[in-house]
Amino acid sequence: QGRLNLLDRAPQDEGITDLCEKEGVGFISFSPLAQGLLTDRYLNGIPDDSRMMRDHFLKRDVLTPELLERLRHLNETLAEMALAWILHQKGVTSVLVGASSEEQLQKNLKCIAAEPFADGQIV
């Protein structure tokens with residue numbers, strides 16, 4: 001189990017997911033939506049009730065103008081795409097999502113029907 005998402009690909013860079021696939025061991029990804037960065041939560045500012053506002057685990061300086069622009073560009077399917085990308089990575093067998101509502105869970109489940117990505121890359 002490790003953090004793997006579109007913004008943090010350390011398990012891939014370190015060869016962990018390749019090793020899992022080779023050895024027949026499943027990799028479980030946590031924080032697949034980068035603590036909400038890969039959703040529409042922060043696209044219009046930092047909500048008062050957010051992790052980023054509390055500045056505990058998710059620091060405000062992570063949300064750079066460049067990242068915000070990239071996220072806004074992908075907004076229509078951002079969370080669905082982020083989860084589908086993880087599920088299509090070599091060695092990944094499961095993704096832990098921390099939905100706080102049934103609506104979030106229903107939205108996240110749409111990733112199951114999403115099209116695969118070419119060679120694990122965003123197309």
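The values are calculated or read from the model by the stated rules, or taken from the named source; none is laboratory data. Given the structure is predicted, the values throughout are model-derived calculations rather than measurements. Cβ placement follows ideal geometry from the backbone for every residue including glycine, while neighbour counts extend to all protein chains displayed. In case anyone asks, the SASA skips ligands and DNA or RNA and just uses the protein heavy atoms, side chains included. Shrake-Rupley method; radii C 1.70, N 1.55, O 1.52, S 1.80 Å.
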- request: Please go through region 64-83 and pick out each residue that is free of Cβ contacts under 8 Å to residues at least 40 places away in the same chain and either touching a Pro at 6+ places or on another chain (Cβ under 8 Å) or in a loop (DSSP other than H, G, I, E, B) (or both).
  value: T64, L74
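Counting only residues that are assigned to a loop (DSSP other than H, G, I, E, B) and closer than 17 Å to Q104 by Cβ, how many does region 21-52 have?
Counting residues in region 21-52 that are assigned to a loop (DSSP other than H, G, I, E, B) and closer than 17 Å to Q104 by Cβ gives 13.
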message: Of everything in region 13-42, what is open to solvent by less than 50 Å² (accessible area, probe 1.4 Å), over 19 Å from G98 (Cβ atoms) and touching a residue at least 12 places away in the same chain (Cβ under 8 Å)? Give them in sequence order.
response: T17, C20, G26
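In region 27-50, is there at least one residue being among the polar types (S, T, N, Q) and over 13 Å from the mean Cα position of the chain (by Cα)? Show your work before the answer.
First pass over region 27-50, keeping only residues among the polar types (S, T, N, Q): 29, 31, 35, 39, 44, 50.
Imposing the further condition that a residue be over 13 Å from the mean Cα position of the chain (by Cα) reduces the set to 44, 50.
Yes, region 27-50 contains at least one residue that is among the polar types (S, T, N, Q) and over 13 Å from the mean Cα position of the chain (by Cα).
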field: Whichever residue in region 53-63 is loosely packed, with under 10 Cβ neighbours inside 10 Å and not in a helix (DSSP H, G or I) and, among such residues, is nearest to the chain's Cα centre (by Cα)
entry: F57
